[in-house]
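A.B. asks: Have a look at the structure that comes next, please.
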Amino acid sequence: MQEQTAPARILVVDDEPLIRAQLSEALVRSGFQTSQVVDGESALEAVKRLRPDCVILDVLMPRLDGYMVCRALKADPETAHIPVLLLTALHRKEDLLQGLGAGAEDFLRKPFDLQELLARVEAQLRVKQRHDAVAKERNDLKALLEVSQAVSSTLRSRDIFQIIVRETARIIPSTRCSLVLIADDPRYGFVLASHDDAAVDRLKIQLVKYPEVQEAIRTKAPVLIDDAHTHPLMDSVREQVRGIPLTSIYVLPVILRNQVIGTLFLRTAKALHLHSPRELKLCQVISDLAATALHNAHTYESLEVNVAHLEQLTLLDDLTGLPNRRFLRRRLEEEFTRAQRHRSPLACVLFDLDDFKQVNDRWGHARGDEVLQQVAKLLQGNVRGSDVVARFGGEEFVVLLPMTDEAGALAEARRICHVLRTHPLPGAPRGISLSASAGVGVFPGPEIRTAEDLLYQADRALYRAKETHKGDATLAAPAPPA
Ligand SMILES: [Mg+2]
């Protein structure tokens, strides 16, 4: 926000030293700030560098004359809005028309009357001021639009916070603009985004070091510290802010349902003037948008956690707690893709408990379920950490063995079958014992192009095991003679 009291800056361009001196003196006496240059080239450079509020431009100058300079300024969108007052010793109508044709706002004949000159400069400055106000309003509205679009978008909340601080800093030029989340514990805040540092993410801060933030939380009202080095509110942190190039601080509480859920924190190196109702209104709108963003983020993220939790539940088997078929298919796809990418083997072993119907029929379903739970534990206790055990359904279980070739997988499957076969079932009626047959499928292998093919291969092998190797494991096709 520009200081209201700053004097307007006028650039005087004339090749005659006397005229430059006269003009400057009169302008300074009337309260303007002036700079002087002696030719067209330096005029163009000075306008770019100084961004004056008005240019008084001599027409007749060596090399680049006033018309050419004026045309160049008006052709550049960055400088086109700066009013140009042509100063000309030419009195012909064509010359004046040429000046206006070059885009000059006004002209004055030499020798000029100082009163008239000042009046014309002031008129141009009023136009410029209106223009600046409109440009600023457009800038503010654009920023607000960006923020409101971001808030209602599907962007990640981190990106939304980033847009909020970036656009707020555009409306209120600041050296730092951050969005701080005020959590349940009133001692801490979390910096969610800071426009001068994109890496900031949930940075925990102790609020005792920010009395101005605490004040905004306490009063639920904006806090403006015009000079942080002298303001009494900053007494407790005077030492800490000593070295910081900092003048004003503005803290805007972000309020939702009468509770401060965050603050927008602005720090500026120049004194802030936030007095106009329009500026205060803008800040209010931004803070409301930030409240919506924080609220949405909270709702969405807790929703996301719930969905993740729910999804987890639907991926686990109720009885055994093992991953279920759905989860297995997902893991199988992942492992298969990995095996393809790394050209490493992947084995899939499908276990099926033998004659399990008998267990249920003769011993009851409750005991049958217990047996299934024991089998799940045995399987889990007999595989490596990188292996995946899942309940495929009923009395079928799958073990995925990454980085395991045909020989290794067959040996492993047979070992597990042995463990199951020799596991005692205390209290089981006569004729009931535990055993499982297993089919082994291994990638890479003939006819295995997809994860589904691998599972199918294991299923075919299981079928063969049931026929010829009950209680033990086989491959889909007989192993070649050793
Ligand atoms: Mg001249």
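No lab work stands behind these numbers, since they all come straight from the coordinates. The structure displayed is predicted, hence computed values, not measured ones. Cβ atoms come from the backbone with ideal geometry, glycine included; neighbour counts cover every protein chain shown.
A.B. asks: For region 1-106, run through the trypsin sites (Lys or Arg not before Pro) and keep only the ones in DSSP coil with at most 12 other Cβ atoms within 10 Å of their Cβ. The partial results should precede the final answer.
C.D. replies: Values: sites: Arg9, Arg20, Arg29, Lys48, Arg49, Arg63, Arg71, Lys74, Arg92, Lys93; in loops: Arg63, Arg92.
Counting only loop positions with at most 12 other Cβ atoms within 10 Å, the trypsin sites (Lys or Arg not before Pro) in region 1-106 are Arg63, Arg92.
A.B. asks: What ranking do 237-246, 250-259 get when scored by the average of other Cβ atoms within 10 Å per residue, highest first? Each step should come with its number before you reach the end.
C.D. replies: Values: 237-246: 11.8, 250-259: 18.1.
Final packing ranking: 250-259, 237-246.
A.B. asks: Additional query: What FRET efficiency comes out for His365 versus Val208 if R0 is 45 angstrom and r is the Cβ-Cβ distance? Round to the nearest 0.05. Show your work: numbers first, answer last.
C.D. replies: Numbers: r = 62 Å, r/R0 = 1.38.
The pair His365/Val208 has a calculated efficiency of 0.15.
A.B. asks: Nearest 10 degrees, 0 to 90: what angle lies between the long axis of helix 365-381 and the longest principal axis of the chain (Cα atoms)?
C.D. replies: The helix 365-381 is inclined about 70 degrees to the chain.
A.B. asks: Oh, and also: Per the Cauchy relation, a quarter of the hull surface: what is the mean projected area of the convex hull of the alpha carbons in the chain, in nm²?
C.D. replies: Values: hull surface 157.0 nm².
Quarter of the Cα hull surface area: 39.2 nm².
A.B. asks: Got a sec? How would Lys128, Lys204 order by Cβ neighbour count within 10 Å, fewest to most? Before the final figure, lay out the partial values.
C.D. replies: On the way: Lys128 18, Lys204 9.
Ranking Lys128, Lys204 by Cβ neighbours within 10 Å, fewest first, gives Lys204, Lys128.
A.B. asks: Taking the alpha-carbon distance from Lys142 and a cut-off under 26 Å, which lysines remain once sequence neighbours fewer than 8 residues away in the same chain are dropped?
C.D. replies: Cross-link targets: Lys48, Lys74, Lys128, Lys270, Lys281.
A.B. asks: Here's a follow-up. Mind giving me the FRET efficiency for Ala407 and Lys470? R0 is 30 Å, r the Cβ-Cβ distance, nearest 0.05 is fine.
C.D. replies: Details: r = 22 Å, r/R0 = 0.73.
Efficiency computed from Cβ-Cβ geometry: 0.85.
A.B. asks: Moving on. May I ask what percent, to the nearest 5, of DSSP beta bridges between residues of the chain are antiparallel? Present the calculation step by step, with values, prior to reporting the outcome.
C.D. replies: Details: 49 of 69 bridges.
Within the chain, antiparallel bridges account for around 70 percent of the total.
A.B. asks: So how far, in whole Å, is the C-alpha centre of region 405-431 from the one of region 333-358?
C.D. replies: First find each Cα centre; the distance between them is then 17 Å.
A.B. asks: May I ask you to sort Leu181, Leu328 by Cβ crowding, counting other Cβ atoms within 10 Å and putting the fewest first?
C.D. replies: Values: Leu181 19, Leu328 24.
Lowest count first: Leu181, Leu328.
A.B. asks: Going by amide H atoms built from the backbone, whose H comes under 5 Å of the H on Ala473, apart from near neighbours?
C.D. replies: Ala438
A.B. asks: OK, next. From the gyration tensor of the Cα coordinates in region 212-299, what semi-axes in whole Å does the equivalent ellipsoid have, largest first, with each one equal to sqrt(5λ)? Write out the running numbers ahead of the final one.
C.D. replies: Working: eigenvalues 121, 46, 24 Å².
For region 212-299, the ellipsoid semi-axes come out as 25, 15, 11 Å.
A.B. asks: Please determine, in degrees from 0 to 90 and to the nearest 10, the orientation of helix 325-342 with respect to the longest principal axis defined by the Cα atoms of the chain, where the helix direction is its Cα long axis.
C.D. replies: Roughly 70 degrees between the two axes.
A.B. asks: For the chain, find the longest principal axis of its Cα atoms and tell me its angle to the long axis of helix 114-151, 0 to 90°, nearest 10.
C.D. replies: Relative to the chain, helix 114-151 is tipped by roughly 10 degrees.
A.B. asks: Give me the lysines in straight-line cross-link reach of Lys357: C-alpha distance below 21 Å, same-chain residues under 8 apart excluded.
C.D. replies: Of all the lysines, those that pass the test against Lys357 - Cα under 21 Å, at least 8 places apart if same chain - are Lys377, Lys466, Lys470.
A.B. asks: Sticking with this one: Just rank Thr247, Thr468, fewest to most, by other beta-carbon atoms within 10 angstrom. Walk me through the numbers before you get to the answer.
C.D. replies: Working: Thr247 17, Thr468 11.
Lowest count first: Thr468, Thr247.
A.B. asks: Can you tell me how much longer the chain between Gln33 and Arg158 gets when fully stretched, taken as 0.36 nm per residue apart minus their C-alpha distance, in nm with one decimal?
C.D. replies: Values: separation 125, 0.36 × 125 = 45.00 nm, distance 4.45 nm.
Roughly 40.6 nm would be gained on extension.
A.B. asks: Once both labels are modelled 7 Å past Cα along the beta-carbon direction, what's the Lys93-Gln374 spacing in nm?
C.D. replies: 11.6 nm
A.B. asks: Okay, next question. If region 325-475 were replaced by its equivalent ellipsoid, with semi-axes equal to the square roots of 5 times the Cα gyration tensor eigenvalues, what would those be, largest first, whole Å?
C.D. replies: Values: eigenvalues 154, 43, 34 Å².
Computed over region 325-475, the values are 28, 15, 13 Å.
A.B. asks: Count charges around Gln36 for me, please; just the other residues with Cβ under 10 Å from its Cβ, Lys/Arg as +1, Asp/Glu as -1.
C.D. replies: On the way: positive: Arg20; negative: Asp14.
So the environment of Gln36 carries a net charge of 0.
A.B. asks: Taking region 9-136 as the region of interest, what is the percent of Cα-Cα pairs per 5 angstrom bin, listed from the shortest bin to the one with the maximum distance?
C.D. replies: 2, 11, 24, 27, 22, 11, 3, 0
A.B. asks: A follow-up question, please. For every helix of n ≥ 4 consecutive DSSP H residues, a contribution of -39,500 (n - 2.57) applies; sum these over the chain, divide by its total residues, and give [θ] at 222 nm rounded to the nearest 500 deg cm²/dmol. Present the calculation step by step, with values, prior to reporting the outcome.
C.D. replies: Values: 14 runs with 225 residues, N = 482.
Rounded to the nearest 500, it is -15500 deg cm²/dmol.
A.B. asks: Only sites in a loop by DSSP and with at most 12 other Cβ atoms within 10 Å count here; which trypsin sites (Lys or Arg not before Pro) in region 131-192 make the cut? Before the final figure, lay out the partial values.
C.D. replies: Working: sites: Lys136, Arg138, Lys142, Arg156, Arg158, Arg166, Arg170, Arg176, Arg187; in loops: Arg156, Arg187.
Sites meeting the loop and neighbour criteria: Arg156, Arg187.
A.B. asks: Give me log10 I(q)/I(0) at q = 0.11 Å⁻¹ for region 152-302, Debye formula, one equal scatterer per alpha-carbon, no solvent.
C.D. replies: -0.38
A.B. asks: Stokes-Einstein diffusion coefficient for region 86-137 at 10 °C in a medium of 1.306 mPa s, Rh from the Kirkwood formula over Cα pairs: what value in µm²/s?
C.D. replies: On the way: Rh = 12.3 Å.
Once the numbers are plugged in, D ends up at 129 µm²/s.
A.B. asks: I've got another one for you. Please identify the trypsin sites (Lys or Arg not before Pro) of region 336-442 that satisfy two criteria: DSSP loop assignment and at most 12 other Cβ atoms within 10 Å. Which are they?
C.D. replies: Numbers: sites: Arg338, Arg341, Arg343, Lys357, Arg362, Arg367, Lys377, Arg384, Arg391, Arg414, Arg415, Arg421, Arg430; in loops: Arg343, Arg384, Arg430.
For trypsin sites (Lys or Arg not before Pro) across region 336-442 that sit outside H, G, I, E and B with at most 12 neighbouring Cβ atoms in 10 Å, the list reads Arg343, Arg384, Arg430.
A.B. asks: Straight-line reach from Lys209: which lysines fall under 19 Å, measuring Cα to Cα and dropping same-chain residues less than 8 apart?
C.D. replies: Lys220
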